[in-house]
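Trainee: Below are the structure tokens for one structure; questions will follow.
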Amino acid sequence: MTIILFGPPGCGKGTQSELIAEKYKLKHISTGDILRTEMEMGTDLGLSAKKYVTEGKLMPDDVIIGMLMKFIQSNDASMKGVLLDGFPRTTAQAEALEEKLTLSNKQTNVLIDLRVNEEELISRMILRGKATERIDDNPETIKKRLQVYAEQTYQVKSFYQKLNKYVAVNGLGKIEDIFGNICIEIEKAI
Ligand code: AMP
């Protein structure tokens, strides 16, 4: 099973991913979390990621695709599949993912787009920036991340629409209500 949780920064992907991964026994792969761990550990990947993350820009596709493939490949027999959070973020990443899945006769089951308006996204990220150490939750970088989302990531939506794998879920409201609506879509797709 391959589920993609999609949406702009601050839409609640991280929170919902944890709930989904637990309920459906999926391996939660968050490219943002992986990069933050690499940055904390000071690895070569972390050092190169720091510049992009701080500036709110996307890491180059080849680096991110290579990194993601390693995580997808490392099989965990107790898991029923993967939940992707923060990947794919470009059409090239989506193509690479679907090519890889096709090699094992698989395809993404569904891409769920968590819809939240820009005003709410900004206020959520500002709040998170105050509560955590995230280097990119400040007004300037938030603006850049939203711009990058509109220019480079939003197009992933039409890629999955063409595959008939796209659904939108309202990302406003109570966490448990949003989760309930996501589960309805997952049940339809698996
Ligand atoms: P996130 O936690 O998903 O918001 O990701 C934080 C940052 O990590 C992004 O602003 C990018 O700089 C980088 N990043 C995460 N995932 C990707 C990806 N799939 N492609 C390129 N850059 C990424």
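The values are calculated or read from the model by the stated rules, or taken from the named source; none is laboratory data. Only a predicted model underlies this, so the values are computations on that prediction, with no experimental measurement involved. Cβ placement follows ideal geometry from the backbone for every residue including glycine, while neighbour counts extend to all protein chains displayed.
Trainee: Do we find that THR108 is polar (S, T, N, Q), near the ligand (Cβ under 10 Å from one of its atoms) and in contact (Cβ under 8 Å) with a residue 40 or more places away in the chain in this structure? Give the derivation first.
Mentor: On the way: polar (S, T, N, Q): yes; near the ligand (Cβ under 10 Å from one of its atoms): no; in contact (Cβ under 8 Å) with a residue 40 or more places away in the chain: yes.
Answer is no for this residue.
Trainee: Still on this model: Restricting attention to region 93-115, report how many residues are touching a Leu at 6+ places or on another chain (Cβ under 6 Å) and either among the β-branched types (Val, Ile, Thr) or part of a helix (DSSP H, G or I) (or both). Don't jump to the end; show me each part of the working.
Mentor: Pass one, region 93-115, residues touching a Leu at 6+ places or on another chain (Cβ under 6 Å): 107, 112.
Okay, now just the ones that are also either among the β-branched types (Val, Ile, Thr) or part of a helix (DSSP H, G or I) (or both), so 112.
Of the residues in region 93-115, 1 are touching a Leu at 6+ places or on another chain (Cβ under 6 Å) and either among the β-branched types (Val, Ile, Thr) or part of a helix (DSSP H, G or I) (or both).
Trainee: Considering each residue of region 11-35, count those that are out of contact with any strand residue (DSSP E or B) (no Cβ under 9 Å at 6 or more places or on another chain) and among the basic types (Lys, Arg), and give that number. Steps first, answer last, please.
Mentor: Within region 11-35, the subset out of contact with any strand residue (DSSP E or B) (no Cβ under 9 Å at 6 or more places or on another chain) is 15, 19, 23, 34-35.
In the following step, the residues that additionally are among the basic types (Lys, Arg) were identified as 23.
Within region 11-35, residues that are out of contact with any strand residue (DSSP E or B) (no Cβ under 9 Å at 6 or more places or on another chain) and among the basic types (Lys, Arg) number 1.
Trainee: To continue, here is another question. Please determine whether any residue of region 163-184 is under 22 Å from MET59 (Cα atoms) and surrounded by 18 or more Cβ atoms within 10 Å (Cβ to Cβ).
Mentor: Quick first cut of region 163-184, residues under 22 Å from MET59 (Cα atoms) only: none.
There is no residue in region 163-184 that is under 22 Å from MET59 (Cα atoms) and surrounded by 18 or more Cβ atoms within 10 Å (Cβ to Cβ).
Trainee: Based on what the data block shows, is GLY86 surrounded by fewer than 20 Cβ atoms within 10 Å (Cβ to Cβ) and on the phi > 0 side of the Ramachandran plot? Give the derivation first.
Mentor: Details: surrounded by fewer than 20 Cβ atoms within 10 Å (Cβ to Cβ): no; on the phi > 0 side of the Ramachandran plot: yes.
It is false that GLY86 is surrounded by fewer than 20 Cβ atoms within 10 Å (Cβ to Cβ) and on the phi > 0 side of the Ramachandran plot.
Trainee: Further question on the same structure: Does region 129-141 contain at least one residue that is part of a helix (DSSP H, G or I), within 13 Å of GLU55 (Cβ to Cβ), within 12 Å of the ligand (Cβ to nearest atom) and at pLDDT 95 or above? Show your work before the answer.
Mentor: So in region 129-141, the residues part of a helix (DSSP H, G or I) come out as 129-131, 139-141.
Adding the requirement that they be within 13 Å of GLU55 (Cβ to Cβ) leaves 140-141.
Right, trim to within 12 Å of the ligand (Cβ to nearest atom) and you get 141.
Add one more test, that the residue is at pLDDT 95 or above, and what stays is 141.
Taking every residue of region 129-141 in turn, at least one turns out to be part of a helix (DSSP H, G or I), within 13 Å of GLU55 (Cβ to Cβ), within 12 Å of the ligand (Cβ to nearest atom) and at pLDDT 95 or above.
Trainee: Which residues, taken from region 138-190, are within 16 Å of GLN107 (Cα to Cα), of a type in the set (S, T, N, Q) and over 18 Å from the mean Cα position of the chain (by Cα)?
Mentor: Within region 138-190, ASN164 is the sole residue that qualifies.
Trainee: Within the bounds of region 65-74, is there any residue that is without any contact (Cβ under 8 Å) to a residue 40 or more places away in the chain, more than 9 Å from the ligand (Cβ to nearest atom) and in contact with a strand residue (DSSP E or B) (Cβ under 9 Å, 6 or more places away or on another chain)?
Mentor: Yes - at least one qualifying residue is present in region 65-74.
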